[in-house]
Amino acid sequence: MKRKLKGIVFSGTGEGEFYMSQEGYEKQFNEILGFIPFPGTLNVKVKEEEAKKFIEGYKNTVFIREFRANGRSFGGLRCYEVKIKGIDCALIIPDRTQYKRDVVEIISKEKLRKRLGLNDDDSIVIEHE
C-alpha cells in the first residue's frame, strides 16, 4: 500500500545548494542512493503529525554519515526513498536543520521545480510503498 504525504512547496534560504554540492555528501548519496543530487533541495511544508506517521511507516531508512571538510563539520542525515509524480527522490532529515518538524526537504538528481513546473504555494504529494 502506498503511503502519501501532502505538502506545500516553498522557497528556502538557499543553503541546500551549498550542502548538496559538498563532495562528502555527493559521494555518499551516489554510493547509497545511486545518484548525485541536484545542488539544492525542494522544501515542502507539511503537517507535523502526518510527516511523523509517514516516516514511521518507512522500513528502509538510509543514513548519511557526518564528515569534516575545509575545517568544518557537516552533520549526518536520514534519507527515505520516495517518489513525486513517479520521479525517484529522497526525503532527507538533517541532524542539524533550521526547520521545524513541519518541513521536509526533498532531493533528486533533477531540479524538481523545473521538471515538475513547481512554484511556491503549489501542492505536491510525496509517496512511498
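The values are calculated or read from the model by the stated rules, or taken from the named source; none is laboratory data. For clarity, every value in this text was computed on a predicted model and none was experimentally measured. Positions of Cβ are backbone-derived with ideal geometry, glycine not excepted, and every protein chain shown enters the neighbour counts.
Of note:
- Top-ranked residue in the stretch 62-73 [being within 16 Å of the chain's Cα centre (by Cα) and outside any loop (DSSP other than H, G, I, E, B); ranked as surrounded by the most Cβ atoms within 10 Å (Cβ to Cβ)]: 64
- Of all the criteria given as (1) out of contact with any strand residue (DSSP E or B) (no Cβ under 7 Å at 6 or more places or on another chain); (2) at pLDDT 90 or above; (3) of a type in the set (Asp, Glu), the one not satisfied by residue 15 is (2).
- All positions within the stretch 108-122 that are under 16 Å from the mean Cα position of the chain (by Cα) and small (Gly, Ala, Ser): 108
- Some residue of the stretch 4-13 being in a loop (DSSP other than H, G, I, E, B) and under 19 Å from residue 62 (Cα atoms): no
- Count of residues meeting criterion [in contact with a Pro (Cβ under 8 Å, 6 or more places away or on another chain), part of a helix (DSSP H, G or I) and surrounded by fewer than 16 Cβ atoms within 10 Å (Cβ to Cβ)] in the stretch 19-48: 1
- Test for residue 67: is it touching a Phe, Trp or Tyr at 6+ places or on another chain (Cβ under 6 Å) and more than 25 Å from residue 129 (Cβ to Cβ): yes
- On the stretch given as the stretch 95-108, residues that are surrounded by 18 or more Cβ atoms within 10 Å (Cβ to Cβ) and either more than 18 Å from residue 50 (Cα to Cα) or at pLDDT 95 or above (or both) total 3.
- Across the stretch 75-96, not a single residue is classified as closer than 14 Å to residue 9 by Cβ and of a type in the set (Ser, Thr, Tyr).
- Residue among 59, 109 that is over 21 Å from residue 23 (Cα atoms) and assigned to a loop (DSSP other than H, G, I, E, B): 59
- Contact map, the stretch 51-74: first residue touching a residue at least 12 places away in the same chain (Cβ under 8 Å) and charged (D, E, K, R), second residue loosely packed, with under 12 Cβ neighbours inside 10 Å and not in a loop (DSSP other than H, G, I, E, B), Cβ cut-off under 7 Å, separation 6 or more or different chains; pairs are 66/73.
- In the set (1) touching a Phe, Trp or Tyr at 6+ places or on another chain (Cβ under 9 Å); (2) in a strand (DSSP E or B); (3) in contact (Cβ under 8 Å) with a residue 40 or more places away in the chain, the condition left unmet by residue 78 is number (3).
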